[in-house]
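Worksheet: the structure to be examined is printed underneath.
The values are calculated or read from the model by the stated rules, or taken from the named source; none is laboratory data. Everything numeric in this text was worked out from a predicted model, so none of it was measured. Note: ideal-geometry Cβ built from the backbone for every residue, glycine included; neighbour counts use all protein chains shown. Areas reflect the complete protein model, heavy atoms only, side chains present, ligands, DNA and RNA absent. Shrake-Rupley method; radii C 1.70, N 1.55, O 1.52, S 1.80 Å.
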Amino acid sequence: MEAAPSAHPRNQAGDIHVSELPMETGAIRAKVMSLAGPALVEMSLMTLVMMVDMMMVGRLGPWAITSVGLSNQPMFFAMAMFMALNVGTTALVARFVGGKEMDRASDAARQSLLLTVGLGLLLSLVLFVSAAGILRLMGARPEVLAPGTSYFRIASVGLFFSAINMSMAAVLRGAGDMKTPMRVNVVANIINVAGNALLIHGLLGFPRWEVAGAAVATAVSRLVACLMTLAVVYSGRFVIKLSPGDRYRLDREIVGRIFRVGIPAAVEQFVMRGGQMIFARIVASLGTTIYAAHQIALNVESLSFMPGFAFAMACTTLVGQSLGAGRADLAERCARETRRFGLLIMSTMGLMFFFFGRQVIMLYTSDAQVLQEGAQVLRIIALVQPALASNFILAGALRGAGDTRWVLYATFTGIWGIRIGLAYVLAIVVGWGLMGAWVAMALDMCVRALLVYGRFRSGRWKEIGV
């Protein structure tokens, strides 16, 4: 792989610069797939690894699934800060690359790394110290609290390495390099699965650490991913170049531009993750077994999330680079073509959930109640996969344009205006249990899809400055 030539910058795959992309549908679709393809492989592999993780943990019993599930919810909330920072970084790097300002793109990467290291150290420490208290707030029952606390503390250490890896991966994706994050995560996921096999059940003479073993395997895999990604950006062989001899001081202008996009994205992530934590708390009140069914169903549903994330990443990069090159017409065409791919794949996944959800859940557990509840809610969510695809991908387009405020408004309306209140009413007051909670979640997804689609059609996102 070679760095981009200055006259006609190319990404690591050798694809043409977005400013040179013709408007023909075939060329646009090829460009979409050149970016989404590696991300789709990466996301799909990550999902399969998450599923294998949960299957391994699930053999310990519903208590183990609930321990991991309740720990992951606040961990996802904490990661929201970095995810939001990465949105601003990707959008800014994409604009610089689209405008062929490669040195400025590297400057943005350096600033993102500085911010991530500082915030990552602080947040990991806070989570490690507060693990038990956080799980109590999440409604963890006595049989879940001790193993959940061990898992949470180990995972909080891995959070720091994961944040750095995510930051640099976001930089590479903004520059159009989807293959490097894919390769890094392939290696990390292999390490994760192998570690789980050895440490959860104590195979080949290794200690039997159960859910703590799963956390150790994840933390080690994140450390490896972090080191590999840093090695890439410091190698000097790619579009984005960092060096140990660079000046590592905060640049107010670049940080300000990252935050201009990232702060609304941060608020959006906190709104979403906070709502998901309360949603999880509502479901946890239904009992350990019900929450185990909920967690497994979410794990299965993530099979469709990953194509959505992959196409959203591609859409963010293409829209950002197109607008950076002054081609708003191309940005819109790229977003529409990306959405078509996502709709096709995620709708197909919905059919699988509807007709074969029970069979998939049987891979996790043989508990009769978990099987019944999980299969039932998967049928509900199968019906809204087209809406989920539109929301994911068009929100990615808006983020690439820097229009993160509207994504925030849509998320707040859906999560807090629909999901939380309606979940409590349907699950607890009406007595529909887990089915009621997932009906509320499905309606939330539909509302968000409508709001994001309306904003995209208006075209106002084309005028946003980054």
Just from its helices, what would the mean residue ellipticity at 222 nm be for the chain, if runs of 4 or more DSSP H residues each count -39500 (n - 2.57) and the sum is divided by every residue, rounded to the nearest 500 deg cm²/dmol? -27500 deg cm²/dmol
Point-charge dipole on Cβ atoms (K/R +1, D/E -1) for the chain, about Cα centre, debye to 20: 520 debye
Between residue 204 and residue 235, what FRET efficiency follows from the Cβ-Cβ distance if R0 is 51 Å, with the result rounded to 0.05? 0.90
Using protein chains only and a probe of 1.4 angstrom, how many square angstrom of residue 179 are accessible, to the nearest 10? 70 Å²
In vacuum, with every alpha carbon of the chain counted as one equal point scatterer, what does the Debye formula give for log10 I(q)/I(0) at q = 0.08, 0.14 Å⁻¹? Two decimals, please. -0.44, -1.40
The chain: angle of helix 385-400 to the longest principal axis, Cα-based, in degrees nearest 10: 40 degrees
Nearest 10 degrees, 0 to 90: what angle lies between the long axis of helix 434-458 and the longest principal axis of the chain (Cα atoms)? 10 degrees
Which of the lysines could a cross-linker bridge to residue 179, judged by Cα under 25 Å and excluding same-chain residues fewer than eight apart? 31, 100, 241
Could you pull the accessible area for residue 95 with a 1.4 Å probe, rounded to 10 Å²? 40 Å²
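Which of the peptides 380-392, 308-320 is most tightly packed, and how do the rest follow, judged by the mean count of other Cβ atoms within 10 Å per residue?
Numbers: 380-392: 22.3, 308-320: 29.3.
In descending order of packing, they fall as 308-320, 380-392.
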